[in-house]
Amino acid sequence: MPIRNKLDPSGGVAFLGPAGTYSHAAAQHWFGEVAPWQPVADIVDVFAAVETRSAAWGVVPVENSSEGSVTVTLDAFASSQAQICAEHLLRIHHCLLLSPGSSPTDIATIVSHQQSLGQCRHYLQTNFVGVDCIPVSSNAEAARIAANTPGVAAIAGRTAAQLYGLQVLADSIEDSQDNTTRFLLLCPHCTTKASGRDRTSLLVSAPNEPGTLFHALEPFYRHGVSLTKLETRPSRKGAWSYAFYVDFDGHVDDNNIKATLKALQHLKLDVKWLGSYPQAVVV
């Protein structure tokens, strides 16, 4: 359920830059092609921009169907007050890009975001044995580097190729043709109303004691709540202390979700509500 055309981008939209990243493409889903974009150098900077109100909105990747969770995004929720107001599922098609006039035999190094290198692992191992693959901050940054550095190719999208004047040597090089990344739209405070097909996200911190996870999950079963994601992350509150990032079907205003949250509070767990928002569909 896209909410494009219902959002005012005038306060600024932060995303992992530079222009031409997949985060930029996800942002355009909500705000169109023209908006007061605020490309930043790191995902944590997106959270900071929203939390300090230097941007009204922020767009961050949270998980990929091939490579799993974007852990820097999950970890950022622990210290940030930014909340989730929407999600978007974006099909990701990677290209191998090189500066005009260069040939594949010129390639000594391939650069891209770490997740993208992983999503093209089989292609790279098959076609570029012995070539260094170096992670950089984003796909578009990889394209910018390739445009200015002889012998360097980039893995990025066609938009980045156009923006940075690169030739496309190979298209759709991702290992899985269903390669999809889930993006979250951040805002200072989530006020998204229930749509009837929603998702809620929580961060639950619990002591390292026997049975903690069992007791934390039991209320979801008891109240008929379907979990869609459960990820364990270090809480950084002490050695071997963990937090659980949880996604589940439903809205915070639904009766069974209210009952579940009340039960978690009775267990004296540290529960942080990150937002309730309409579930996305692949487009």
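The values are calculated or read from the model by the stated rules, or taken from the named source; none is laboratory data. Predicted model, so just to flag it, every value in this text is computed and none were measured. All Cβ positions, even for glycine, are placed from backbone atoms using ideal geometry, and neighbour counts span all protein chains on display.
Some points to look at:
- For the range 68-100, the tally of residues that are in a loop (DSSP other than H, G, I, E, B) and either among the hydroxyl-bearing types (Ser, Thr, Tyr) or out of contact with any strand residue (DSSP E or B) (no Cβ under 8 Å at 6 or more places or on another chain) (or both) stands at 3.
- When the residues of the range 89-113 are filtered to those that are of a type outside the set (S, T, N, Q), over 18 Å from ALA25 (Cβ atoms) and surrounded by fewer than 19 Cβ atoms within 10 Å (Cβ to Cβ), the one that is modelled with the lowest pLDDT is GLY101.
- The residues in the range 225-234 that are in contact with a helix residue (DSSP H, G or I) (Cβ under 7 Å, 6 or more places away or on another chain) and part of a loop (DSSP other than H, G, I, E, B) can be counted, and the count is 1.
- Screening SER116 against (1) crowded, with 20+ Cβ neighbours inside 10 Å; (2) in contact with a strand residue (DSSP E or B) (Cβ under 6 Å, 6 or more places away or on another chain); (3) outside the structural domain of ALA146 (by TED's automatic domain parsing); (4) not basic (Lys, Arg) leaves a single unmet condition, (3).
- Enumeration of residues in the range 235-258 that are assigned to a loop (DSSP other than H, G, I, E, B), of a type outside the set (Phe, Trp, Tyr) and over 14 Å from SER276 (Cα atoms): SER235, ARG236, LYS237, GLY238, ALA239, SER241
- For the range 166-174, the criterion of being within 18 Å of the chain's Cα centre (by Cα) and not in a strand (DSSP E or B) is satisfied by at least one residue.
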